[in-house]
Amino acid sequence: MTGPVHQTLEVGLGNRAYPIHIGPGILNAAELVPADLAHRDTLVVTNTTVAPLYLDKLICCLHGRRTETLLLPDGEQYKTLESFTRIIDRLAELAYHRDAVLIALGGGVIGDLTGFAAACYQRGIALVQVPTTLLAQVDAAVGGKTAVNHAAGKNLIGAFYQPRAVIADTATLATLSEREYRAGLAEVVKYGAGLDAGFFAWLESHSQKLVDRNAATLTEAVMRCCSIKAAIVAEDEREAGRRALLNLGHTFAHAIETGTGYGQWLHGEAVAVGIIMAAELSVRLGRLQQGDASRVRALLEAFGLPGQPPPIGARAMRELMAMDKKVSAGRLRLVLFDGLGASSMEADTPLDELAAVLAAAGSG
């Protein structure tokens, strides 16, 4: 029997290479689970929102193995060491060994938590990512970044740990809330704005179809984002160089998320504001034309995303940004524009210009 039509990319990491399967209706396609994992003990980790929608469909393709499930509460505020411990406790309670498999069914929070648990349990067990949100499909599930949050900063505790496969069923995006869906579009814009001017122009011309969740347009967008990320991860797995460019807007965004209390702002909402602030700072430093910064803001606003940060205050924002993982030798390093569709790391961000941007954005 022929399975659902889908497309496959590969993250080229030598003997740790893995496929990204993308297409509608592939959630329960058994043939997409790597064959050598087919009969291993399996724990599916998901949350209380996703489980009623998709857990049974996934379980249907996992016949012939011992499969257990763990449901966690839904939300960024639960991306904690306590939730991580719940996964480890469940694996230990089941007496699973190093040949076990963890499957992450959900958005970025579930993917990060489950991936970190897979990296740590018995020094590493197999992981399959089954992302069900736009943000996770285009970004969080691909590339092996896993982490939990800390009161001092987002994703401060984690590891690089690659999955064995990513199965991105684009049909799951139809059940996302409007807010969650639009938040995911911020990460889509990031790829075009910071890395691919042609893709950015494509997003501008297809913006209404994306707002309407046109199935073919969505699948194309996910494919293009994953293609960009797969190539970058293959080149720079552990973010020693070019992979850092995928963090465009994220230093601002993480400060917003931490400063407002995890869960108040969705990650993509904070990223949208972060991209706008990075664009404005790039204009002030002569790295980006104002007209191009306006195009970036216009596209994000067309997707219904916020354009202003919450009133955290400039001093608090700078203190939170100082906890960013890209800080080196006490210097704040930001990913900034080098024109539309191009970016690079600013090794020593001028703090006076940053303060001006924060003040102009309403964080002062």
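Any read-out appearing in this document is the output of simple, stated calculations on the displayed coordinates, not a laboratory observation. If you're wondering where the values come from, they're calculated on a predicted model, not measured in any experiment. Methodologically, a virtual Cβ is constructed for each residue, glycine included, from the backbone with ideal geometry; neighbour enumeration extends over all protein chains shown.
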(Q) If I take every Cα pair under 8 Å that is 6 or more residues apart in region 178-360, average their sequence separation and divide by the length, what percent do I get for the relative contact order? (A) 28
Q | region 147-241 - charge dipole about Cα centre, Lys and Arg +1 at Cβ, Asp and Glu -1, debye rounded to 20 | A | 180
Q: Of the options L71, H97, C60, report the single residue whose Cα projects farthest towards the positive end of the charge dipole of region 18-112 (beta-carbon charges: Lys, Arg +1; Asp, Glu -1).
A: C60
Q | Farthest positive-ward along the chain dipole, Cα basis, beta-carbon charges - from N214, S344, P311 | A | S344
Q | Spread of Cα-to-Cα distances over 5 Å intervals beginning at zero, given as percent, for region 221-364 | A | 2, 10, 19, 23, 22, 15, 7, 1
Q: Would you be so kind as to identify all helices of the chain, as entire DSSP H runs, whose Cα atoms reach 20 Å or more along the helix's own axis and whose mean Kyte-Doolittle hydropathy is at least -1.0?
A: 178-195, 215-235, 267-284
Q) Once Rh is set to the Kirkwood radius over Cα pairs, what Stokes-Einstein translational diffusion coefficient, in µm²/s, holds for region 7-175 at a temperature of 20 °C and a viscosity of 1.002 mPa s? A) 138
Q | Only Lys, Arg (+1) and Asp, Glu (-1) charged, at Cβ; region 1-127 dipole about Cα centre in debye | A | 200
Q: With the cut-off at 28 Å, report for the chain the share of all Cα pairs above it, as a whole percent.
A: 40
Q. Got the relative contact order for the chain handy, in percent, Cα pairs under 8 Å and 6 or more residues apart?
A. 15
Q. Efficiency by 1/(1 + (r/R0)^6): what FRET value for A151 and V211, r their Cβ-Cβ distance, R0 = 45 Å, to the nearest 0.05?
A. 0.80
Q: Give, rounded to the nearest 20 debye, the magnitude of the charge dipole that the chain has about its Cα centre when Lys and Arg contribute +1 at Cβ and Asp and Glu contribute -1 at Cβ.
A: 380
Q. Which entries in K154/K209; K154/K229; K79/K229; K57/K229 show an alpha-carbon gap greater than 25 Å?
A. K154/K209; K57/K229
